[in-house]
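Participant: After the structure tokens below, expect a handful of questions from me.
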Amino acid sequence: MEMTFILGIIGAYLIGSIPTAVWYGKAFYGIDVRDYGSGNAGATNSFRVLGKKAGVIVMLADILKGWFAAQAAIILYHLGYVAAEDLILYQSAFGIMAVLGHIFPVYAKFKGGKGIATLLGMVLSIHIEAALICMLIFFIVLIISKYVSLGSLLASLAFPLVLLMPRFYPDEPFLIAFGFVIFFIVVITHQKNIVRLIHGEENKAKIRIRKKR
């Protein structure tokens, strides 16, 4: 089991490390998105730099990275490599490793994105109802405030808070604690955004379509 866990977290990290935004931008636009916009290799910057189509493709691919990493634990469970009582732990560990891979991708000199889409994929795999509520909160905040960062922060905080509600309370209290860990990671990756929000200097969502070369 220990070897299964070790191989699993390594595999999850490598999956999360796939720099979708970087590879897509270079392959179809001849640019590295990290040289433009916010400098992040994520979906938001892909929307900003490459346009809607590229942004959607990058976002879906990044979501799938987190989803597949967490789902891998379920596959191992059905194959008999993971005990039922350890399933949430494995899903959480694999998911977080995928997120860390996205933030620090080994294939792209450890300079990646902020991990929001990959986090979404992970929580969709672990608790889809709570994840969908968080998505709704994100879009409501985004529509009202036009701040992607604020939507991401509040949506990530909503995840453990939703799990505290009787309707969604999971059998594993560990998942609630893990939800607050997720929020902490989002706060860490959005430190600059938080400072800009406090000072009223944060950029509002504005999509610019970049033509192909």
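The values are calculated or read from the model by the stated rules, or taken from the named source; none is laboratory data. All of these numbers come straight from a predicted model, not from anything done at the bench. Cβ atoms come from the backbone with ideal geometry, glycine included; neighbour counts cover every protein chain shown.
Participant: Looking at (1) surrounded by fewer than 16 Cβ atoms within 10 Å (Cβ to Cβ); (2) modelled with pLDDT of 90 or more; (3) under 22 Å from THR189 (Cα atoms), which one does LEU79 not meet, given that it meets all the others?
Facilitator: Going through (1) surrounded by fewer than 16 Cβ atoms within 10 Å (Cβ to Cβ); (2) modelled with pLDDT of 90 or more; (3) under 22 Å from THR189 (Cα atoms) one by one, LEU79 breaks only (3).
Participant: Would you mind stating whether ALA117 is crowded, with 21+ Cβ neighbours inside 10 Å, within 15 Å of VAL186 (Cβ to Cβ) and hydrophobic (A, V, I, L, M, F, W, C)?
Facilitator: Yes, satisfied.
Participant: Looking only at the stretch 132-156, filter to residues that are crowded, with 19+ Cβ neighbours inside 10 Å and aromatic (Phe, Trp, Tyr); which one of those is farthest from GLU201 (Cα to Cα)?
Facilitator: Taking the candidates together, the pick is PHE138.
Participant: If I ask for residues that are within 16 Å of PHE68 (Cβ to Cβ) and of a type in the set (Val, Ile, Thr), which ones from the stretch 6-42 would you list?
Facilitator: Within the stretch 6-42, ILE9, ILE10, ILE15, ILE18, THR20 qualify.
Participant: Output the qualifying pairs, or none if there are none: Cβ atoms under 6 angstrom, residues six or more apart or on different chains, first residue in the stretch 159-187 and without any contact (Cβ under 8 Å) to a residue 24 or more places away in the chain, second residue surrounded by fewer than 16 Cβ atoms within 10 Å (Cβ to Cβ) and part of a helix (DSSP H, G or I).
Facilitator: Taking only residues 6 or more apart or on different chains, the pairs are PRO160/PHE180.
Participant: Report yes if some residue within the stretch 128-146 is of a type outside the set (A, V, I, L, M, F, W, C), closer than 20 Å to MET165 by Cβ and under 16 Å from the mean Cα position of the chain (by Cα); otherwise report no.
Facilitator: Scanning the stretch 128-146, I find no residue that is of a type outside the set (A, V, I, L, M, F, W, C), closer than 20 Å to MET165 by Cβ and under 16 Å from the mean Cα position of the chain (by Cα), so the answer is no.
Participant: What do you reckon, is VAL22 under 18 Å from the mean Cα position of the chain (by Cα) and surrounded by fewer than 16 Cβ atoms within 10 Å (Cβ to Cβ)?
Facilitator: Considered against the rule, which asks whether it is under 18 Å from the mean Cα position of the chain (by Cα) and surrounded by fewer than 16 Cβ atoms within 10 Å (Cβ to Cβ), VAL22 comes out as no.
Participant: Got a sec? Which of ILE63, ILE9, ILE31, ILE18 is β-branched (Val, Ile, Thr), modelled with pLDDT under 95 and under 19 Å from TYR107 (Cβ atoms)?
Facilitator: One residue alone meets the criteria, ILE31.
Participant: Across the stretch 1-19, what is the number of residues that are surrounded by fewer than 18 Cβ atoms within 10 Å (Cβ to Cβ) and within 18 Å of ALA117 (Cα to Cα)?
Facilitator: Matching residues across the stretch 1-19 total 1.
Participant: Criterion first (over 20 Å from VAL186 (Cβ atoms), touching a Pro at 6+ places or on another chain (Cβ under 9 Å) and surrounded by fewer than 22 Cβ atoms within 10 Å (Cβ to Cβ)) does ALA108 satisfy it? If you could, list the steps in order and put the result at the bottom.
Facilitator: Working: over 20 Å from VAL186 (Cβ atoms): yes; touching a Pro at 6+ places or on another chain (Cβ under 9 Å): yes; surrounded by fewer than 22 Cβ atoms within 10 Å (Cβ to Cβ): yes.
So ALA108 passes the test.
Participant: Given GLY11, GLY25, which one is closer than 29 Å to GLN191 by Cβ and either part of a helix (DSSP H, G or I) or in contact with a Ser or Thr (Cβ under 8 Å, 6 or more places away or on another chain) (or both)?
Facilitator: GLY25
Participant: State whether one or more residues within the stretch 162-174 are at pLDDT 90 or above, closer than 20 Å to THR44 by Cβ and in a helix (DSSP H, G or I).
Facilitator: no
Participant: Looking at the stretch 35-58 only, could you name the residues that are buried (at least 22 other Cβ atoms within 10 Å of the Cβ) and at pLDDT 95 or above?
Facilitator: Correct list: VAL58 only.
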